[in-house]
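The values are calculated or read from the model by the stated rules, or taken from the named source; none is laboratory data. A quick note: this is a predicted structure, and the numbers were derived from the prediction, not measured. Counting neighbours? That spans all protein chains shown, and the Cβs are built from the backbone with ideal geometry, glycine included.
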Amino acid sequence: MTAAALLAGLLAVPSASSAASLSSPSSAPPPPPPPSASPAIPPSTHACAAATQRCEGQISVPLDWGDPGSERIDVAFAWVPRKGATSTVLANPGGPLPALPLLPMLEKTVDRQNLLVVEPRGLGKSSPLSCPELDLNRTETIAACAEHVGARGRFFTTDQAVADMDAVRKALGVPEVTFYGISYGTLFAQAYAARFPESTAGVFLDSLVPVGRGGYAVEPIRARTDLLDLTCRSSRDCEATWSALVRRLRDRPDPAISLKVLWSLLPRLVEPVFGRELNAAATAYLRGDPLPLRRLAGVAAAAPVPPLRGPQFAGMLAYKCGDAKFPFGRDASAAERRRRLDRFYAAKRPLRPFTVAEVGGMTGWADWCVHWPTPRKNPPVPPRADHPDVPTATVAGDYDTHTPAEVARYFPHGSLLRVAGGGHSTTLSVPCAREALRAFLADPGELPRSCDARTYRPIAAFPRTAGDLPAAGGLDRRVVAAFATAADAVIRRDPGSGSYRALKEEAGLRGGKLVFDDKAATIRLEEVSFVRDVAVSGQIVLAPDGTATARLTAGGDEVTLSWPAFRPLDPVPVSGTFGGRPFTARIPV
């Protein structure tokens, strides 16, 4: 989930209209149609339709699009017209969270077309649901929140939200949109295209939330140990190594690496440090060298965890519980849901090789939604809907919730871009994915054949001594040790290493200390031992173009090094001096 500073709201002055009216909530507009049809309101009924720069406003819509006499609620939006635009993009950044706080980021990403962002109902500025005492870690507060929200909470779901979005489209006089959805926004996109095909020009999905046969979202409950094979160097059986590691720690607990912390390392594989080192660290641990894994576990254990409490989670619960299919019936009581979920955990063991108890007793939304009633049948995508025959593109990162291969199965006739080494929401962070989006919006068609976000090559093993390091064409082992020590330090400043970027210093793997100064773009090494028989001191400077240069002493000898950092190279081209003599070499990772 992404946090952003809230934008200052500029609400347009409403005027009388029809079902999705722009009047105040107290007015009495004509009845709306059901959400399976486009709301029948005149084009260009909102003042923002004539805007030439960003315009924010709101409209009034029915709580239940299928009930003409239902309560009215307000839905906020932002309209960003662009000179020379050839299309309009309806964008949602996911969550489900308030969308408007991420408007600046979306404006930078969708920089050439008209942009429409609608705040989903129940969130942010759109009639938000709120439960002040809500804490997802205390299930009794979820049940209390559901009771507080009452029966109206069942209408804060995707099928209703996309009807709001189409109402805003109509009010602005926009004939059709290309829906750009990120993460949970891809569920909105699929629902919108199925329910409003006549106003859908195209669909671009980044980080897919799949829809199952019944039309509900697929909420995965699983351990992603399969991701370990993406960075597996020594064999293609890193999952088996991981299972052996779990058994070892279960049989012989290590106070420095609880099973819960070990579990938390898996989603961090997308971060360069963890992706580069985790498999080698697991192998080292099983071979009697615990330091590499303890180092990673220590960083993960100390990383701040976003709080799962706050009134805003009420709207999120309404969507996640109402939109998805879980291993229990929608009409079942909380007690029956709990029994069925526990039976599912026992029979399927979805988190293997871990147990649910070992990772904290809950898997997430399935456990939280046990306590949130979902009496209404409201699949986001109608089960027998005719999907529009429009250009459809999906982007999937290797480390995303669903792999590129899984995404391809859901959209066999669409265009798929695999982002090698990519994670979640790649169009917001990976330049080649962002350019693929822009090209699709300008001229829908086939996506590029490749997009690579990798900045490293995984290491095969952790050497204990300089003699264990791979040979580099006759280069002195002290130079190879100095480079291995420096490369180990530099990867910790990779822009994608979120957990590590927060650290200002770290102990060396086998001794000494690293000090990071991001303002000066330097790393200071104080007697750092990556291998136990060579201590390295000195300074590394990181240039804006990614070149790393180092002036070091290794075992008492002076070494200078220069190499291209943050690139997936193996071997790495290195130049420098040792004892005053220049050298060039290709050093294996």
State which residue is nearest to GLY580 (Cα to Cα) when the search covers only the stretch 557-567 and only residues that are touching a helix residue (DSSP H, G or I) at 6+ places or on another chain (Cβ under 9 Å) and either outside the structural domain of ASP518 (by TED's automatic domain parsing) or not β-branched (Val, Ile, Thr) (or both). ASP557
Looking at PRO306, PRO311, can you tell me which residue is over 21 Å from the mean Cα position of the chain (by Cα), assigned to a loop (DSSP other than H, G, I, E, B) and at pLDDT below 95? PRO311
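Could you check, for the stretch 568-577, whether at least one of its residues is part of a strand (DSSP E or B), aliphatic (A, V, I, L, M) and not assigned by TED's automatic domain parsing to the domain that holds PRO292? Can you show your working first?
First, pick out the residues of the stretch 568-577 that are part of a strand (DSSP E or B): 572-577.
Next, only the ones that are aliphatic (A, V, I, L, M) stay: 572, 574.
Imposing the further condition that a residue be not assigned by TED's automatic domain parsing to the domain that holds PRO292 reduces the set to 572, 574.
Yes, the conditions are met somewhere in the stretch 568-577.
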How many residues does the stretch 341-387 contain that are without any contact (Cβ under 8 Å) to a residue 12 or more places away in the chain, among the small types (Gly, Ala, Ser) and assigned to a helix (DSSP H, G or I)? 3
Evaluate the following for ARG409: is it out of contact with any Ser or Thr (no Cβ under 6 Å at 6 or more places or on another chain), on the phi < 0 side of the Ramachandran plot and at pLDDT below 90? yes
Within the stretch 338-396, considering residues that are of a type in the set (Val, Ile, Thr) and more than 30 Å from LEU417 (Cα to Cα), the one nearest to the chain's Cα centre (by Cα): VAL359
When you scan the stretch 457-551 for strands (runs of 3 or more DSSP E) that lie fully inside it, which ones turn up with 2 or more residues that are surrounded by 15 or more Cβ atoms within 10 Å (Cβ to Cβ), in the same structural domain as ASP289 (by TED's automatic domain parsing) and free of Cβ contacts under 8 Å to residues at least 12 places away in the same chain? none
Given (1) over 24 Å from GLN190 (Cβ atoms); (2) of a type outside the set (Ser, Thr, Tyr); (3) free of Cβ contacts under 8 Å to residues at least 40 places away in the same chain, where does GLY329 come up short, assuming only one miss? (1)
Looking at the structure I just gave you, is LEU262 in contact with a Ser or Thr (Cβ under 9 Å, 6 or more places away or on another chain), among the hydrophobic types (A, V, I, L, M, F, W, C) and more than 30 Å from LYS377 (Cα to Cα)? no
Kindly indicate whether GLY212 is within 28 Å of ALA51 (Cα to Cα), surrounded by fewer than 24 Cβ atoms within 10 Å (Cβ to Cβ) and within 25 Å of the chain's Cα centre (by Cα). no
In this structure, is ARG449 more than 22 Å from the chain's Cα centre (by Cα), assigned to a loop (DSSP other than H, G, I, E, B) and free of Cβ contacts under 8 Å to residues at least 24 places away in the same chain? yes
Kindly check whether there is at least one residue in the stretch 404-420 that is part of a strand (DSSP E or B) and either touching a Lys or Arg at 6+ places or on another chain (Cβ under 9 Å) or surrounded by fewer than 18 Cβ atoms within 10 Å (Cβ to Cβ) (or both). yes
Tell me, please, whether a residue that is within 21 Å of ALA191 (Cβ to Cβ) and either out of contact with any Phe, Trp or Tyr (no Cβ under 8 Å at 6 or more places or on another chain) or of a type outside the set (Phe, Trp, Tyr) (or both) can be found in the stretch 342-359. no
So GLN160 ticks every box in (1) more than 26 Å from CYS48 (Cα to Cα); (2) of a type in the set (S, T, N, Q); (3) crowded, with 23+ Cβ neighbours inside 10 Å but one. Which box is left unticked? (1)
Checked the stretch 222-263 for anything among the small types (Gly, Ala, Ser) and farther than 21 Å from ALA303 by Cα; matches are SER234, SER235, ALA240, SER243, ALA244
